[in-house]
Amino acid sequence: MATYDIVIRNGMIVDGARNPRYKGDVGIKDGAITRMGRIKEGLADREIDAEGLIVAPGFIDLHTHYDAQIFWDPYLTTSGWNGVTSVVVGNCGFGFAPCRKDLRHRAMESMTKVEAIPMATMEASIPWDWETYPEMLDSIDRAPKALNLLPYVGVNPLLIWVLGLEDAKAGRKPTDEETAELARLLGEAMDAGACGWSSQSLGTPGDPSAPTAGGAAQSDFDGTPMPSDVMWPETQLALAAVLGERGEGFIELSGATMPREHWEKLALVSGAPIIYQALPASNLMIERHKDLFAWFDACGEKGLRIYGQGITQNPPLLFTFDYWDIWGPVWEEFAGPNVPNAKILENLADEVVREKLRVEPLKYQFIGGVDEARVVSVAKAENEQYVGMSVAEIAEKRAIHPVDAICDLVVSDGLKTSFQVPQFDIGLEGIKQLLDNPWVIPGLSDGGAHLKYLAAGSYATELISQYVREHKFLNLEEAHWRLSALPAFCAGFQDRGVLREGAAADIVVYDLEKLDYEFPNFRHDLPGDEYRVASAGTGYRYVLVNGQITIEDDKETHVHSGKLLRGGRGRAAAPAV
C-alpha cells in the first residue's frame, strides 16, 4: 500500500498561517495532510508536479446563500470554480429550517425577493424532506457535495416557528417561555452541527411600519420587513447567551443601525466572534469606515471579537429587464420581477409610465443608476451601435432623456438587451482601505443569491490576480491568511484554513501569472428552466477537497468529496507520517 494517496511536489507553499513561502512537497493520505517538506519519490498513488505553481489552503467563503443550490449544484458555483473549498450557508438570518409543511411556499416566497432566487428553481430542487433543523442537516448530508459546507441557524425561521408567522412579522416580543424555546431550538440545531446564528436586523424592534435600513432591496417578498428586522434586542441577547453557555459558535449580523453598545453586549455575552455585515469598498464610505475601524480597534482592546466582512471585489451587476429589482419601488412597480414580460414591454412603451419614471432619481441607493447602465449585448442588428455605450451617452447622442433611451432600447429588443451597472461606488482606494485593515475579512460572495444579476464568488481570484499580483496591496502570505485562516478562525472551522500536518487536505494549486476570472455571463442551467449569471476562474491547475481532486485545469472532475462540517469539523485529525 502506498504511503500517500497524492503527493504535490515542488510547489511554492504559502501555508495560510502568514509563514514565509517555501518550496516543498505536500503528502496526502485519507483526506488529510500527513507530511510537508521533502518527500521521497515513489511513495504515492499519484504525484502532482507543482513546479512554478502556488500551493495554498482552499478559500473559505463565509457569506453565501447556497441553502437551495446545494440540492442541484455540488460545486456551488460561482464559488466552486474559483478555489473555494468550504462555504458557510444560512447567512443574514434566512433559511429553510425549522419550517412547518404549510409554510414551505411562504419560506420560498421570502427568498425570491430578499435573495432573488427564482421560485421555479427552488420548487424544482429543494426536496423538503424535513421540518426541523436537524432533519434539514441530514438532508444536506445526503446531497452530493464537491465543497464543504458549514451551516448557520437563521433567526427568521426560528422566530416564525415559535411565534407564528403573523406575530413574528409584527415584531411581537416573545414571552419568557417563547424565549426559552428559541434558545432550546438553537441549542438543538448546534447539537446537530450548526455553527452559530445569523440575523438581518435593519429595522426598529417591534415596529414593522418603520422604514428599514435595507429598504426595498432587503425586504420580504411583499415589501414588509423580515421578522428579524423587528426582533427585540433581548431576544438577540438570549441567543447570544446560548453560544456563551456552550463556549462555541459565532454570529453573523447585518445591523449597521444597531447601537454599538448592543454589539458589544452580544460579543461579551456570547464570547464569540461576530461578523459585522457589510463593508462595501465604496469611495463614499471611506470616512465612515475610519470611524468604524477605530471602534473595531477599541473592541479588540476589550477582548471583544468583532470583524467586518468586506466587499473587496468589483464585479458588475449584469441584467436584463426580464429580472431587475434594484432601482427602487417605481421601477419595480412597472418593470420588476413580479410583472409579466408582456406587461413590462407595454409599460415601458407607455408615455404615462415613462413620465413617472422620469421624475424618479436616476440613482437609487449605492447601485449604479439608470444613466450609468452600460449596454453589453443587444438582440437586433440595428442596436449594435449602442453596445459598450452608457445610457447617458445614448441619451446625449439621441438628445432624449435617459429613461426614454433605456426604454426605447429595451422595447426594441423585446427585453433581450443586457446591461451592466457598478455595484456600489467601488474604487481602488476603498478596496485598499478594507484590505489594509486586519479586522476585515475580504470577500462577500453572496453565492447562491441574486442569481440573475450577480456573480461575486470570484472574489478570491480577483483579490489575488488584481490586488496582490497587479496592484500589490498585499503579499501572498497575507492574502492567503485573510482568505482562509482568518475566516476559518472566525467561523469555527476546526481542521482547515491552513496547510499543516494533520489538517484536512483542502488545497488550491494555481498559476499566479495566469490566474484570472471571466466577465460575468448568462447561463441557462438552473432547475425550473431558469437562467443565472456566473463567472468561472482560470489558472486553477488543481483544487483538492478532503484530499481528492475536484478541479483539474479549471474543469470539474465530478468528484464529490465535500462534507457537511457539523460543528466545524469534517474528520478526526490524522497523525503525521
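The values are calculated or read from the model by the stated rules, or taken from the named source; none is laboratory data. As the structure is a prediction and not an experimental result, all values here were calculated from the model. As a convention, Cβ positions derive from the backbone with ideal geometry for all residues, glycine included, and neighbour counts pool all protein chains shown.
Could you check segment 42-62 and list, in sequence order, the residues that are out of contact with any Ser or Thr (no Cβ under 6 Å at 6 or more places or on another chain) and over 23 Å from Asp553 (Cβ atoms)? Hits for segment 42-62 are Gly42, Leu62.
If you take the residues of segment 428-459 that are under 12 Å from the mean Cα position of the chain (by Cα) and under 13 Å from Phe59 (Cα atoms), which of them is surrounded by the most Cβ atoms within 10 Å (Cβ to Cβ)?
First, pick out the residues of segment 428-459 that are under 12 Å from the mean Cα position of the chain (by Cα): 442-451, 454-459.
Imposing the further condition that a residue be under 13 Å from Phe59 (Cα atoms) reduces the set to 442-445, 457-459.
Working: Pro442: 25, Gly443: 30, Leu444: 23, Ser445: 29, Gly457: 33, Ser458: 28, Tyr459: 29.
Per the stated criteria, the residue is Gly457.
Just one of (1) within 13 Å of Trp327 (Cβ to Cβ); (2) in contact (Cβ under 8 Å) with a residue 12 or more places away in the chain fails for Lys363. It is (2). The residues of segment 130-149 that are more than 19 Å from Ile160 (Cα to Cα) and surrounded by fewer than 16 Cβ atoms within 10 Å (Cβ to Cβ), listed by number, are Asp138, Asp141, Arg142, Pro144. Screening Asp15, Asp25 for residues that are part of a loop (DSSP other than H, G, I, E, B), closer than 15 Å to Glu501 by Cα and not assigned by TED's automatic domain parsing to the domain that holds Leu147 leaves exactly one candidate, Asp15. Candidates in segment 490-505 are the residues that are more than 17 Å from Gly37 (Cα to Cα) and touching a Ser or Thr at 6+ places or on another chain (Cβ under 8 Å); of these, the one that is surrounded by the most Cβ atoms within 10 Å (Cβ to Cβ) is Arg496. Scanning segment 245-273 for residues that are buried (at least 16 other Cβ atoms within 10 Å of the Cβ) and over 26 Å from Arg288 (Cα atoms) yields a total of 6.
Being touching a helix residue (DSSP H, G or I) at 6+ places or on another chain (Cβ under 7 Å) and not assigned by TED's automatic domain parsing to the domain that holds Gln548 is the requirement here; does Gly214 meet it? Reasoning before the result, please.
Details: touching a helix residue (DSSP H, G or I) at 6+ places or on another chain (Cβ under 7 Å): no; not assigned by TED's automatic domain parsing to the domain that holds Gln548: yes.
No, not satisfied.
Filter segment 343-398 for residues that are among the aliphatic types (A, V, I, L, M) and surrounded by fewer than 13 Cβ atoms within 10 Å (Cβ to Cβ); which is nearest to Asp413 (Cα to Cα)? Per the criteria, the residue is Ala381.
Condition check ((1) crowded, with 22+ Cβ neighbours inside 10 Å; (2) out of contact with any Lys or Arg (no Cβ under 8 Å at 6 or more places or on another chain)) across all residues:
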| position | (1), (2) |
| --- | --- |
| Gly52 | no, yes |
| Ala56 | yes, yes |
| Ile70 | yes, no |
| Val84 | yes, yes |
| Arg106 | no, yes |
| Thr112 | no, yes |
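State whether one or more residues within segment 170-192 are under 28 Å from Asn338 (Cα atoms) and outside any loop (DSSP other than H, G, I, E, B). I'd like the intermediate steps shown before the answer.
Of the residues in segment 170-192, the ones under 28 Å from Asn338 (Cα atoms) are 170-171.
Now narrow it down to the ones that are outside any loop (DSSP other than H, G, I, E, B): 170.
Checking segment 170-192: at least one residue is under 28 Å from Asn338 (Cα atoms) and outside any loop (DSSP other than H, G, I, E, B).
Residues are listed down the side, and each one gets a yes or a no for (1) under 30 Å from Thr557 (Cα atoms); (2) aromatic (Phe, Trp, Tyr); (3) in a loop (DSSP other than H, G, I, E, B):
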site	(1), (2), (3)
Ile117	yes, no, yes
Glu123	yes, no, no
Glu131	no, no, yes
Glu135	yes, no, no
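Of the residues making up segment 193-209, those that are within 19 Å of Glu234 (Cα to Cα) and either assigned to a loop (DSSP other than H, G, I, E, B) or in contact with a Lys or Arg (Cβ under 7 Å, 6 or more places away or on another chain) (or both) are Ser201, Leu202, Gly203, Pro205, Gly206, Pro208.
Could you tell me whether Lys173 is surrounded by fewer than 20 Cβ atoms within 10 Å (Cβ to Cβ), in contact (Cβ under 8 Å) with a residue 60 or more places away in the chain and not β-branched (Val, Ile, Thr)? Yes, satisfied.
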